[in-house]
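Visitor: Below: one structure in structure tokens.
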Amino acid sequence: MNIIDVGHKYELLSIDGKCKQVLQFVKRQGLRYPGNTSSYPGTTLQDVIHCLLNRVRYLQNQIPCVENEVIIYNLQTCLLMLEQRAAKRRHMELNIETLEQLEVKLLCPKCGHTTCHCP
């Protein structure tokens, strides 16, 4: 991994090819984003975790193992904590009963969260 912009943009290892693999998180400016002196579009940790969950489930279907089940649970827990943090910052409740419920909730295309104030 090569850090292009700390906390926001990374060049990842590219296996079996020479094309660059770039992971870019959304970067915003303003009072809620201290230290950011520029902005650009990108993805969220939640969306990346959704990708990772899909990938590990795919691998689990290929060659099942207990490690994959633990990885899935931990990724689901990470997703829960990110959404809980976002709901708390917005003074909202995160209403889910299972970790699997959080995975199927749609992410808001404006803010990237499952619980939001966006119109």
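Visitor: Go through the stretch 33-51 and give me each residue that's free of Cβ contacts under 8 Å to residues at least 60 places away in the same chain, assigned to a loop (DSSP other than H, G, I, E, B) and within 19 Å of the chain's Cα centre (by Cα).
Guide: 33, 39, 41, 42
Visitor: I've got another one for you. Can you name the condition, by its number, that residue 54 falls short on among (1) farther than 22 Å from residue 118 by Cα; (2) touching a residue at least 24 places away in the same chain (Cβ under 8 Å); (3) assigned by TED's automatic domain parsing to the domain that holds residue 118?
Guide: (2)
Visitor: Can you find a residue that is in contact with an Asp or Glu (Cβ under 9 Å, 6 or more places away or on another chain), under 30 Å from residue 4 (Cβ atoms) and either in contact (Cβ under 8 Å) with a residue 60 or more places away in the chain or not assigned by TED's automatic domain parsing to the domain that holds residue 1 (or both) anywhere in the stretch 18-29?
Guide: The answer is no, given that none of the residues of the stretch 18-29 is in contact with an Asp or Glu (Cβ under 9 Å, 6 or more places away or on another chain), under 30 Å from residue 4 (Cβ atoms) and either in contact (Cβ under 8 Å) with a residue 60 or more places away in the chain or not assigned by TED's automatic domain parsing to the domain that holds residue 1 (or both).
Visitor: Within the stretch 58-67, can one find any residue that is more than 15 Å from residue 112 (Cβ to Cβ), of a type in the set (Val, Ile, Thr) and part of a loop (DSSP other than H, G, I, E, B)?
Guide: Looking through the stretch 58-67, at least one residue is more than 15 Å from residue 112 (Cβ to Cβ), of a type in the set (Val, Ile, Thr) and part of a loop (DSSP other than H, G, I, E, B).
Visitor: A follow-up question, please. Quick check on this structure: which one of 32, 89, 85 is in the same structural domain as residue 118 (by TED's automatic domain parsing), exposed (fewer than 11 other Cβ atoms within 10 Å of the Cβ) and within 18 Å of residue 118 (Cβ to Cβ)?
Guide: 89
Visitor: Ok, one more. Could you check the stretch 1-23 and list, in sequence order, the residues that are in contact with a Ser or Thr (Cβ under 7 Å, 6 or more places away or on another chain) and under 24 Å from residue 107 (Cβ atoms)?
Guide: Once the filter is applied, which keeps residues that are in contact with a Ser or Thr (Cβ under 7 Å, 6 or more places away or on another chain) and under 24 Å from residue 107 (Cβ atoms), the stretch 1-23 yields only 21.
Visitor: On to the next question. Residue check: is residue 93 at pLDDT 90 or above and over 30 Å from residue 5 (Cβ atoms)?
Guide: Answer is no for this residue.
Visitor: Residue 72 - would you say it is closer than 19 Å to residue 109 by Cβ, assigned to a helix (DSSP H, G or I) and at pLDDT 95 or above?
Guide: no
The values are calculated or read from the model by the stated rules, or taken from the named source; none is laboratory data. Predicted model, so just to flag it, every value in this text is computed and none were measured. So basically every Cβ, Gly included, is an ideal-geometry build from the backbone, and we count neighbours across all protein chains shown.
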